[in-house]
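Engineer: Following this message is one structure expressed as structure tokens.
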Amino acid sequence: MPQISQLAATWASQLFWLLLTFGIVYFFIGRGMAPKIQATVDQRDKTVADDLAAAEAARVAADAAEESWRAHENAAREAAQKKLGEARSKAAAATERQLAKAGDEIDGKTAEAEARIAAASRAAQGEIEAVAAEAAQDIVAKISGAKVTSTEAKAAVKAALNG
């Protein structure tokens with residue numbers, strides 16, 4: 001084989017071209033492209049880290065805003081409950097005043113009506129006594145033939161009604 005016999009004569013030049021090729025590849029890729037790729041990866045990592053930090057800051061701000069909103073909502077709810085209680089007490093007091101006023105009016109009207117009823121009752125009692133006295137005079141005159149005065153008849157009717 002002739003190639004093996006030439007090996008001793010060509011190995012130094014093949015080794016030279018091998019080292020030269022690897023050196024050129026090293027300088028172009030290792031010194032030229034790899035730093036650019038590494039810079040891109042570093043930039044991407046930095047962007048991701050910055051985005052995560054911004055997201056965390058936004059989450060913290062959102063939590064703080066939510067806590068502030070909840071505190072404001074609770075304060076508003078307490079104020080509303082307080083106003084509702086005040087309104088209820090005012091309404092109860094107003095209702096009580098109206099009921100007292102209505103009760104006083106009803107009591108006045110009732111007393112007035114009772115006075116009218118008592119007056120009507122007295123008037124009716126007087127009329128009943130007068131009618132009964134006249135009827136008693138007529139009955140005594142028809143049954144016994146005796147004449148009774150209106151004063152005597154009124155006294156007798158009064159005694160009979162009260163007794």
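The values are calculated or read from the model by the stated rules, or taken from the named source; none is laboratory data. None of the values given here were measured: they were computed from a predicted structure. Positions of Cβ are generated from backbone atoms using ideal geometry, with glycine treated the same way; all protein chains shown enter the neighbour counts. For accessibility, only protein heavy atoms count, side chains too; no ligands or nucleic acids. Shrake-Rupley method; radii C 1.70, N 1.55, O 1.52, S 1.80 Å.
Engineer: Whether any residue in the stretch 66-87 is modelled with pLDDT of 95 or more, over 21 Å from the mean Cα position of the chain (by Cα) and in a helix (DSSP H, G or I) is what I want to check.
Structural biologist: Among the residues of the stretch 66-87, not one is modelled with pLDDT of 95 or more, over 21 Å from the mean Cα position of the chain (by Cα) and in a helix (DSSP H, G or I), which makes the answer no.
Engineer: Could I ask something else about it? With respect to residue 9, determine if the residue is on the phi < 0 side of the Ramachandran plot, modelled with pLDDT of 95 or more and part of a helix (DSSP H, G or I). Outline the logic, then answer.
Structural biologist: Values: on the phi < 0 side of the Ramachandran plot: yes; modelled with pLDDT of 95 or more: no; part of a helix (DSSP H, G or I): yes.
No.
Engineer: Kindly establish whether residue 124 is at pLDDT below 95, among the aliphatic types (A, V, I, L, M) and closer than 30 Å to residue 150 by Cα.
Structural biologist: Details: at pLDDT below 95: yes; among the aliphatic types (A, V, I, L, M): yes; closer than 30 Å to residue 150 by Cα: yes.
Considered against the rule, which asks whether it is at pLDDT below 95, among the aliphatic types (A, V, I, L, M) and closer than 30 Å to residue 150 by Cα, residue 124 comes out as yes.
Engineer: Output yes when any residue across the stretch 141-150 is open to solvent by 100 Å² or more (accessible area, probe 1.4 Å) and in contact (Cβ under 8 Å) with a residue 24 or more places away in the chain, and no when none is.
Structural biologist: To start, the set of residues in the stretch 141-150 that are open to solvent by 100 Å² or more (accessible area, probe 1.4 Å) comprises 142-143, 147.
If we keep only those that are in contact (Cβ under 8 Å) with a residue 24 or more places away in the chain as well, we get none.
Among the residues of the stretch 141-150, not one is open to solvent by 100 Å² or more (accessible area, probe 1.4 Å) and in contact (Cβ under 8 Å) with a residue 24 or more places away in the chain, which makes the answer no.
Engineer: I need the full set of residues from the stretch 132-158 which are hydrophobic (A, V, I, L, M, F, W, C) and either under 60 Å from the mean Cα position of the chain (by Cα) or assigned to a loop (DSSP other than H, G, I, E, B) (or both), in order please.
Structural biologist: We begin by selecting, within the stretch 132-158, every residue hydrophobic (A, V, I, L, M, F, W, C); these are 132-133, 135-136, 139-141, 143, 146, 148, 153, 155-157.
Those that are hydrophobic (A, V, I, L, M, F, W, C) and either under 60 Å from the mean Cα position of the chain (by Cα) or assigned to a loop (DSSP other than H, G, I, E, B) (or both): 146, 148.
Engineer: Oh, and also: Please indicate, with yes or no, whether at least one residue in the stretch 97-110 is within 28 Å of the chain's Cα centre (by Cα) and either surrounded by 10 or more Cβ atoms within 10 Å (Cβ to Cβ) or assigned to a helix (DSSP H, G or I) (or both). First the steps, then the outcome.
Structural biologist: Of the stretch 97-110, the ones within 28 Å of the chain's Cα centre (by Cα) are 97-98.
Then drop every residue that is not either surrounded by 10 or more Cβ atoms within 10 Å (Cβ to Cβ) or assigned to a helix (DSSP H, G or I) (or both), which leaves 97-98.
Yes: one or more hits.
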